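Before any comments, here is the structure.
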Amino acid sequence: MKTFAQKVRVRGSSAVLVVTAGLAAASLAIAQPIAHAGDSVGGKVQVVIAGTNDRFDVTDGSLAGKGTFDASGAITDKGIALGYRTVKGDPSSADGALITLRFVTKGKKGTVTYVVKIDTKAGTSRWTIASGAKAYKGLHGKGTESENATYTVSTLRGTVWR
């Protein structure tokens, strides 16, 4: 029998997988932000985060797992990733739930914190950049998130800019 958090991950991720095809097309249409003089970062990015959603069965914002990340495109870096999970609401209810995943990625060039909001009722999964340090200070970004079939790998696709 699955635990509540496993059901949340399955239901929330299943909803995401259903709309991934449509969201992937929409993410390709995200406009490139205007670059400012002296900017060195801007454009499309893909961040693959593995192993952060399957270690601890939490729903209160605490650590869900530690894994790795690999960023390519407008930013390139790789290193460790920490995943934190919050669940508000009941994904089995008609009102659904809001799942928040916070990924803190620490690479050779700096740290980026991504926040993913999964709305199980609407079937959407979107990310933004909450903060950056070192080479990523002042970095902004947004896009869509998808997961593999076992919910152990999250892929963030979108656009970053300064």
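Looking only at segment 120-162, count how many residues are under 13 Å from the mean Cα position of the chain (by Cα) and not hydroxyl-bearing (Ser, Thr, Tyr).
Residues flagged as under 13 Å from the mean Cα position of the chain (by Cα) and not hydroxyl-bearing (Ser, Thr, Tyr) within segment 120-162 amount to 14.
Hey, among SER72, SER92, SER131, SER146, which residue is among the polar types (S, T, N, Q) and touching a helix residue (DSSP H, G or I) at 6+ places or on another chain (Cβ under 6 Å)?
Going through SER72, SER92, SER131, SER146 in turn, just one is among the polar types (S, T, N, Q) and touching a helix residue (DSSP H, G or I) at 6+ places or on another chain (Cβ under 6 Å): SER146.
Within segment 95-127, how many residues turn out to be modelled with pLDDT of 95 or more, of a type in the set (D, E, K, R) and farther than 17 Å from GLY61 by Cα?
Matching residues across segment 95-127 total 4.
Looking at the structure I just gave you, is THR68 polar (S, T, N, Q) and modelled with pLDDT of 95 or more?
The answer is yes for THR68.
Which residues, taken from segment 128-159, are modelled with pLDDT under 95 and in contact with an Asp or Glu (Cβ under 9 Å, 6 or more places away or on another chain)?
The answer is THR150, TYR151, THR152.
Out of curiosity, is ARG162 touching an Asp or Glu at 6+ places or on another chain (Cβ under 6 Å) and over 22 Å from ASP57 (Cα atoms)?
yes
Suppose we filter LYS44, LYS121, LYS109, LYS117 for residues that are touching an Asp or Glu at 6+ places or on another chain (Cβ under 8 Å) and closer than 19 Å to SER146 by Cβ; which single one remains?
Answer to the check: LYS121.
Please work out which residue is surrounded by the most Cβ atoms within 10 Å (Cβ to Cβ), limiting yourself to segment 132-162 and to residues that are at positive phi and not in a strand (DSSP E or B).
Result: TYR151.
Checking SER92 against (1) farther than 13 Å from VAL45 by Cα; (2) modelled with pLDDT of 95 or more, which test does it fail?
Failed condition: (2).
Run down GLY132, GLY110 and say which single residue is touching a Lys or Arg at 6+ places or on another chain (Cβ under 6 Å), within 17 Å of GLY42 (Cβ to Cβ) and among the small types (Gly, Ala, Ser).
None of the other options fit; the residue is GLY110.
Out of curiosity, is VAL116 buried (at least 17 other Cβ atoms within 10 Å of the Cβ), in contact with a Gly (Cβ under 9 Å, 6 or more places away or on another chain) and part of a strand (DSSP E or B)?
No: the conditions fail for VAL116.
The values are calculated or read from the model by the stated rules, or taken from the named source; none is laboratory data. None of the values given here were measured: they were computed from a predicted structure. Positions of Cβ are backbone-derived with ideal geometry, glycine not excepted, and every protein chain shown enters the neighbour counts.
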